[in-house]
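The values are calculated or read from the model by the stated rules, or taken from the named source; none is laboratory data. Keep in mind it's a predicted model, so treat the numbers as computed, not measured. Using ideal geometry, Cβ is built from the backbone for each residue, glycine included, and neighbour counts are taken over all protein chains shown. Only protein heavy atoms, including side chains, enter the accessible area calculation; ligands, DNA and RNA are left aside. Shrake-Rupley method; radii C 1.70, N 1.55, O 1.52, S 1.80 Å.
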Amino acid sequence: MSAIPRCSLHSTLLRPVVRPPMIWESEIEECLGWLATEKDHAPNSQFLNRVALEAFAAWIEREGEVPALAAIETARLDAFLRAQRSERDLAPASLKIIVVALRHFFRRLRANGKIAHDPTARLELPKIDRFLPETLSEEDVDRLLKADFPETALGRRDRAILEVFYASGLRLSELAGARIEAYVKEEGDAGGLLRVVGKGNKERIVPLGRKAVEALDDWLGAGRPALAKARSGGEIFLGRDGNRLTPARIQQIVKEIARRSGIEKNVYPHLLRHSFATHLLSHGADLRVIQELLGHASLATTQIYTHVDASRLRDIHRRFHPRARAMPVASAGTAIP
């Protein structure tokens, strides 16, 4: 994968300078190229790294005399982060993106022998508040999947999108990019398998249950051919014009179906991913299995779903802990042994 092209448009997250800085240009480009080709960073990660490093170089340039890279100390990086937090009102999550980019940059310089020590070694990551994920109840998911889908190409498509989302826990980008040749239907009622490309261009295989396979086969057999054009690609889900559905359009479809179903909660694709994981956990699935299904690199990311299993844990505690069970009620004149 090649490095993302130099760009003067910047994310609203970080809002860096309009003109890319000229100082350290070759070092920044070398680092970004290394991250793209050797570390296989996704385009979005490449873009965020570029934005953060250019913002840092621009800040150094505005501060006055530009020091040599080897002379930059941790205190200088701390000052830059404080400036970003105060001047741009950045949240801890945004500051973490900048710290990670700086670490990539200075570690690469150290590896190339351009600096003697890494000033980011003692740079602390900002603490990020962990928000518990929203989920749909199983009853709400059932209402969503039982929505009135017309027996048309678009209706078949929309039903398949909802079924696949809930059956697999896919990310929005993964579903949008899923391809026909990556789908395999298993024999009998065993369901199917879908190979997807997730974060960091990592492939994984996710199973699909019978209901999702039925909806997907119905779309591929009776719906997709009606929309496909000679120029259509191999993506599973297409729009009216025969082109692949964009993530934005898929999000609109999910919201439209939720409104038709009478669900008042704000429903979006990632909510179905949260619900997928939460419902698996509540029915006894192992956390490491859920980690694999979701494509999480770290088990710590998956553990956030354990909060929703509180009712199941309470029930197990009441059933099995010797001092949690209710005392038996004695009949008149009978002593409790």
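When R108, R76 are checked against the criterion of being under 29 Å from G200 (Cα atoms) and charged (D, E, K, R), R108 stands alone in meeting it.
Looking only at the stretch 250-301, how many residues end up being touching a Gly at 6+ places or on another chain (Cβ under 9 Å), in a helix (DSSP H, G or I) and open to solvent by less than 40 Å² (accessible area, probe 1.4 Å)? Residues that pass the stated criteria total 9.
Of all residues in the stretch 47-105 being of a type in the set (D, E) and outside any helix (DSSP H, G or I), which is farthest from L125 (Cα to Cα)? Lay out the reasoning, then the answer.
First pass over the stretch 47-105, keeping only residues of a type in the set (D, E): 54, 61, 63, 65, 73, 78, 87, 89.
Those left that are additionally outside any helix (DSSP H, G or I): 63, 65, 73, 89.
Working: E63: 24, E65: 27, E73: 16, D89: 17 Å.
Step by step, filter the stretch 47-105, then rank; the result is E65.
Note on the stretch 183-210: residues that are exposed (fewer than 14 other Cβ atoms within 10 Å of the Cβ) and modelled with pLDDT under 90 amount to 8. For the criterion of being in contact with a Ser or Thr (Cβ under 7 Å, 6 or more places away or on another chain), without any contact (Cβ under 8 Å) to a residue 60 or more places away in the chain, open to solvent by less than 50 Å² (accessible area, probe 1.4 Å) and in a loop (DSSP other than H, G, I, E, B), P119 passes.
Pairing each residue of the stretch 235-260 that is more than 21 Å from L271 (Cβ to Cβ) with any residue that is open to solvent by 70 Å² or more (accessible area, probe 1.4 Å) and of a type in the set (D, E), provided the two are 6+ apart or on different chains, yields no C-beta distance under 7 Å. In the stretch 99-107 there is at least one residue matching the filter, namely being among the aromatic types (F, W, Y), touching a Cys at 6+ places or on another chain (Cβ under 6 Å) and open to solvent by less than 20 Å² (accessible area, probe 1.4 Å).
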